[in-house]
Amino acid sequence: MSKVNVTPTKTQEYFERYMHGVEKRNPGEPEFVQAVYEVASSIFPYIADKPIYHEMQILERMAEPERTVSFRVPWTDDSGNIRTNRGWRVQFNSAIGPYKGGLRFHPTVNQSILKFLGFEQTFKNSLTGLPMGGGKGGSNFNPKGKSDLEVMRFCQSFMTELSRHIGEDTDVPAGDIGVGGREIGYMFGQYKRINNRFVGVLTGKGMSYGGSKMRPEATGYGAVFFVRDMLQQAGDTIEGKTVIISGSGNVATHAAEKALQLGAKPITMSDSSGFIHCKDGFTQEQIEWIQVLKDVRRGRISEAADEFSNISFHADSRPWGVPGDIAIPSATQNEVNAEDAASLIANGVKLVAEAANMPCELAAVQAFNAAGVMFGPAKAVNAGGVGVSGLEMSQNSARMAWDEAHLATLLEGMMKTIHDSCVQYGTGPNGKVNYLEGANIAGFVRVAEAMLSYGHV
Ligand code: NDP
Ligand code: 2IT
């Protein structure tokens, strides 16, 4: 074991050397390098006076997945053609519990994106306080335009291969982009059939077969609870604030719903074809209509403007040019760039909360910080989803189903605890909270302690 004598002045040099190594070992994986950069830039200053972390190579080990499997997923389309996709599971870190994290089905999925998501998931899951390691998986399969039967055949083939790598105490996948209740149902059914065991191997299941109340709502609701807690910490309130949301899937629609319930005014949503704007603020009826449009009818967001006269559609653009108090990006990674950030800042945005994973490019985050805009990082803001997944695992192990009111209380409490951990680790000498640093450090500490206990593994 090499002895390293670290002084704060050496921190930048160590950080740069570390990032150089990460880039060299992960060629062609810009999203993964971006995620490591963001975490490591908070952790290096934190461990500058804690040489044990350097001696034990904790950050070096954290940036290497414990295991990555990739596999062929053959399936037959409705015309009888054999199609081939690629599937992956990145089992990133199991220091504090079984690998846990979603599955994404989207044509852009590749190893870099799944590694960034698995890396982030490790720290996010740690923040929840529950015993869950980090993992992520998925496929470059595009569910758009596929029939239900095609999606079923794909999910069954995907699970036939994935099933040998997962288990209720080993690795517990869930949903993410392109994977919702329908896909989880097909995959759980196939796992059960192959293994002849009814266990909590997936979360986000339907209520009739082991799903948890509040799991569908958890990510979006949790994100808005976190926003409310950030505002409260700053002596402000969410009531009356206009909220700009991107995306129109599970996370976005539930964020809009909770914002409305807490007295705020959600005014935009989007999909990959453009965004919709409702100056009056979406009503509950409109939000539910959009949920059915996207999750059941699988239509385009422009249809909302055809249906409601107070909603306008803006093709091929994102909502960041619309004035508002709070922005909650809830679609995908790198959907807010420096230019978008400049426009949000010019329009007077007070708070940006990442409900999607890494939706803000680094330059955008830096711009928000420089402008004094409060910034809530994804691993804290969207942790309610995996948090309630953890509670679904507990209920499955105990063969119990808790009621909705109990789970709603647990979710709200969990978000407050995560908020307070960010405050504990992220408050600077000026009394201002840097939530990005706070979340990174608080998430890191627990995983690092466990890794130190295990020795050189
Ligand atoms: P959904 O599949 O339910 O919805 C995704 C939404 O984002 C859709 O409106 C989709 O539009 C849009 N979108 C996806 N990719 C792109 C893209 N490349 N460009 C523009 N728009 C895009 O996914 P979720 O709501 O579950 O996930 C949204 C984000 O939240 C992701 O970053 C995910 O990782 C994160 N997240 C999800 C959690 C969960 O519990 N589901 C938990 C924590 C984080 P379209 O329909 O046109 O494709
Ligand atoms: O990014 C995420 O936290 C998720 N997609 C949810 C993961 C989970 O296991 O519920």
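The values are calculated or read from the model by the stated rules, or taken from the named source; none is laboratory data. What you see is a predicted model; the values in this text were computed from it and never measured. Every residue, glycine as well, gets a Cβ built from its backbone with ideal geometry; the counts of neighbours run over all protein chains shown.
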- Message: For the range 122-162, give me each residue that is out of contact with any helix residue (DSSP H, G or I) (no Cβ under 7 Å at 6 or more places or on another chain) and within 16 Å of ligand 2 (Cβ to nearest atom).
- Response: P131, L162
- Would a scan of the range 269-282 turn up a residue that is more than 21 Å from C422 (Cβ to Cβ), among the acidic types (D, E) and either in a loop (DSSP other than H, G, I, E, B) or in contact with a Pro (Cβ under 7 Å, 6 or more places away or on another chain) (or both)? yes
- Task: Output yes when any residue across the range 249-266 is in contact with a Cys (Cβ under 6 Å, 6 or more places away or on another chain), away from ligand 1 (no atom under 12 Å from the Cβ) and not aromatic (F, W, Y), and no when none is.
- Result: no
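Going by what's in this entry, would I43 be described as in contact with a helix residue (DSSP H, G or I) (Cβ under 6 Å, 6 or more places away or on another chain), within 30 Å of G185 (Cα to Cα) and not in a strand (DSSP E or B)?
Working: in contact with a helix residue (DSSP H, G or I) (Cβ under 6 Å, 6 or more places away or on another chain): yes; within 30 Å of G185 (Cα to Cα): no; not in a strand (DSSP E or B): yes.
Here the answer is no, as I43 does not meet what is asked.
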- Flag if M230 is among the hydrophobic types (A, V, I, L, M, F, W, C), under 30 Å from A341 (Cβ atoms), more than 16 Å from ligand 2 (Cβ to nearest atom) and touching a residue at least 60 places away in the same chain (Cβ under 8 Å): yes
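Which of the following residues is more than 16 Å from ligand 2 (Cβ to nearest atom) and either out of contact with any Asp or Glu (no Cβ under 8 Å at 6 or more places or on another chain) or among the β-branched types (V, I, T) (or both): I58, I96?
Exactly one residue qualifies, and that residue is I58.
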- Of all residues in the range 76-122, which are more than 10 Å from ligand 1 (Cβ to nearest atom) and of a type in the set (V, I, T)? T76, I82, T84, V90, I96, V109, T122
- Flagged in the range 21-46 as over 17 Å from F116 (Cα atoms) and surrounded by fewer than 21 Cβ atoms within 10 Å (Cβ to Cβ), in numbering order, are P45, Y46
- Item | Neighbours by Cβ (under 7 Å, 6+ apart or cross-chain): first from the range 208-225, assigned to a helix (DSSP H, G or I) and at pLDDT below 95; second more than 13 Å from ligand 2 (Cβ to nearest atom) and acidic (D, E) | none
- Message: So, in the range 196-249, how many residues would count as being over 19 Å from the mean Cα position of the chain (by Cα), of a type in the set (V, I, T), farther than 29 Å from F275 by Cβ and crowded, with 22+ Cβ neighbours inside 10 Å?
- Response: 1
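A quick yes/no check of all residues on (1) polar (S, T, N, Q); (2) out of contact with any Phe, Trp or Tyr (no Cβ under 8 Å at 6 or more places or on another chain); (3) on the phi > 0 side of the Ramachandran plot; (4) touching a residue at least 60 places away in the same chain (Cβ under 8 Å):
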residue: V381; (1), (2), (3), (4): no, no, no, yes
residue: G390; (1), (2), (3), (4): no, yes, no, yes
residue: Q395; (1), (2), (3), (4): yes, no, no, yes
residue: W402; (1), (2), (3), (4): no, yes, no, yes
residue: T409; (1), (2), (3), (4): yes, yes, no, no
residue: G413; (1), (2), (3), (4): no, yes, no, no
residue: Q424; (1), (2), (3), (4): yes, yes, no, no
residue: N430; (1), (2), (3), (4): yes, yes, no, no
residue: A439; (1), (2), (3), (4): no, no, no, yes
- Note on the structure: T170 vs (1) of a type in the set (S, T, Y); (2) within 16 Å of ligand 1 (Cβ to nearest atom); (3) within 19 Å of W88 (Cβ to Cβ); (4) in contact (Cβ under 8 Å) with a residue 60 or more places away in the chain: all pass except (2)
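Within 15 Å of ligand 1 (Cβ to nearest atom) and of a type in the set (A, V, I, L, M, F, W, C) - does that describe any residue in the range 209-222?
Yes, some residue in the range 209-222 is within 15 Å of ligand 1 (Cβ to nearest atom) and of a type in the set (A, V, I, L, M, F, W, C).
Residue by residue, here is whether (1) at pLDDT below 95; (2) crowded, with 17+ Cβ neighbours inside 10 Å; (3) within 24 Å of T203 (Cβ to Cβ) holds:
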site: S70; (1), (2), (3): no, no, yes
site: P74; (1), (2), (3): no, no, no
site: D78; (1), (2), (3): no, no, no
site: N85; (1), (2), (3): no, yes, yes
site: L103; (1), (2), (3): no, yes, yes
site: K115; (1), (2), (3): no, yes, yes
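Rundown of residues vs (1) within 16 Å of ligand 2 (Cβ to nearest atom); (2) acidic (D, E); (3) under 17 Å from the mean Cα position of the chain (by Cα), yes/no style:
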residue	(1), (2), (3)
A353	yes, no, yes
C360	yes, no, yes
A363	no, no, no
V381	yes, no, yes
G385	yes, no, yes
A405	no, no, no
G426	no, no, no
V447	yes, no, no
M451	no, no, no
